[in-house]
1. Mind running the shape call on region 233-333? Use the C-alpha gyration tensor, a ≥ b ≥ c as the square roots of the eigenvalues: rounded below 1.5 for a/c, prolate if a/b tops b/c, oblate otherwise.
2. Hey, what's region 198-317 come to in accessible area per residue, 1.4 Å probe, Å²?
3. Between SER126 and ARG104, what is the spin-label point distance in nm, taking each point 7 Å from the Cα along the Cα→C-beta axis?
4. How far is helix 291-301 tilted off the main Cα axis of the chain, in degrees rounded to 10, range 0 to 90?
5. Return the FRET efficiency for the residue pair ARG25, ARG118: r is the Cβ-Cβ distance, R0 is 45 Å, and the value is rounded to the nearest 0.05.
6. Contour minus end-to-end for LYS290 and ASN35, with contour as 0.36 nm per residue of separation and end-to-end as the Cα-Cα distance?
7. Name the trypsin sites (Lys or Arg not before Pro) in region 215-279 that are in a loop by DSSP and that have at most 15 other C-beta atoms within 10 Å, would you?
8. Which residues does a label at MET167 reach in region 187-204, if reach means a backbone N under 19 Å from a point 7 Å past the Cα toward the Cβ?
Amino acid sequence: MADAAITVIGGGVIGLAIAAELTQRYSPVFLLERNPRYGQETSARNSEVIHAGIYYPQGSLKARLCVEGRELLYALCEKNGVPHQRITKVITATKTEEEGELERLFAAATANGAPIERLTAAQVSSMEPGITTVGGLLSPSTGIISAHGLMDYFHHAIRERGGEVQMHCTVVGLDRVSDGYRVSIREGEEVSSFTSEWVVNAAGLEADTIAALAGIDVDAAGYRIHYCKGSYFALPASMNGIVKRLVYPVPTRHSLGVHAVLDLGGRLKFGPDVEYLPDRVQNYTVDPSKRAVFAESVRRILPMVKDEDLTPDMSGIRPKTQAQGAPVRDFAITHETARSLPGLINLVGMESPGLTASPAIARYVAGMIAA
Ligand SMILES: Cc1cc2nc3c(=O)[nH]c(=O)nc-3n(C[C@H](O)[C@H](O)[C@H](O)COP(=O)(O)OP(=O)(O)OC[C@H]3O[C@@H](n4cnc5c(N)ncnc54)[C@H](O)[C@@H]3O)c2cc1C
């Protein structure tokens, strides 16, 4: 018999959600995290928006799991006191050429099951007087959440249900054995190993590295991860309240566009931009020289913002499976039976809306294990 029933690699919001789900049915469940604390990478460096599910291609995992995850998340937050707010979101067209895109978004949202309402320019202006608009959309189910509050809840649930969370623990080997996998771990200077019937790879920016440890050719599988940084600039507290909702421009093919993000404290920041990194280094410094470009994007929706109002804030790195300029790809969540690796589930390319979708992703993975 293997030492563990299931081992989850990665203590970000997705690994934590999966382990919390699985501890309800299996034992022992291990969650391994290389950092001193869970949730120190992408899950701590994002917009903390509960997305409605407007933008993703119909039928994609991103669309399905976002819509399902959003509802699960609101229910979970309300039941367990996780800080969140149904703040809603306005998408504004700033010139008449963008109105066609609003129609396309309306149709996409409706097809995906994301509630959406058309707004005239006058309606947008009465809701958000400071923004430029020729018309827009309201997403009433968009919200904001404390990502740390959510991860604390999942962590508590894992521990309460008898799961084991091990920090400072880096997975360095994954070998197929008769009753599952031999998982090799490094804790400080020490390397040891144990066996696990199932392994779930939720290693975020290193999910391809973990897949490669199991012998998968990551390029052939389409699992190679490209680091794509998103930076934010913030406004001073004296400008809190210039918008009451999240405000997004009409998206481009590659990005949702630099948008106004409010946190639960009412602080307003703008971002994230899109910057593919040339190497796989987690460099979170925000380049102050981007300020003028940010200010110009921000003024398209909020003309009163001046360059000097903006200060460099935080950044995060998206684990994208598409290289720069390549078409958008879906989440890859795969039980690797076709690669002769039964019992291994890889989650690769878990970019946005991974935070929103996390409880639905957890159910999806549990379904693969139960099948
Ligand atoms: C700029 C930005 C904005 C975003 N905004 C939103 C948003 O508003 N709403 C939304 O829904 N989503 C958003 N997202 C997406 C969301 O943040 C991610 O989908 C989610 O956080 C991914 O979680 P994860 O658990 O897969 O990854 P991570 O949080 O990266 O966790 C993976 C963990 O695996 C660990 N690990 C790696 N290798 C090993 C190893 N060998 N051994 C042990 N542990 C290992 C890492 O230390 C890490 O803690 C955004 C992302 C970015 C970058």
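The values are calculated or read from the model by the stated rules, or taken from the named source; none is laboratory data. Here the structure is a predicted model, which means the values were calculated and not measured. Glycine also receives a Cβ, built like all others from the backbone with ideal geometry; neighbour counts cover every protein chain displayed. Accessible surface is based on the protein model in full, side chains and every heavy atom, while ligands, DNA and RNA are left aside. Shrake-Rupley method; radii C 1.70, N 1.55, O 1.52, S 1.80 Å.
1. It comes out prolate by the Cα gyration axes.
2. 42
3. Once both label points are built, they end up 3.1 nm from each other.
4. 60
5. Efficiency, from the Cβ-Cβ distance: 0.55.
6. Going from the current span to full extension adds 88.8 nm.
7. Taking region 215-279 and a limit of 15 other Cβ atoms within 10 Å, the loop trypsin sites (Lys or Arg not before Pro) found are LYS244, ARG253, ARG267.
8. 187-190, 203-204
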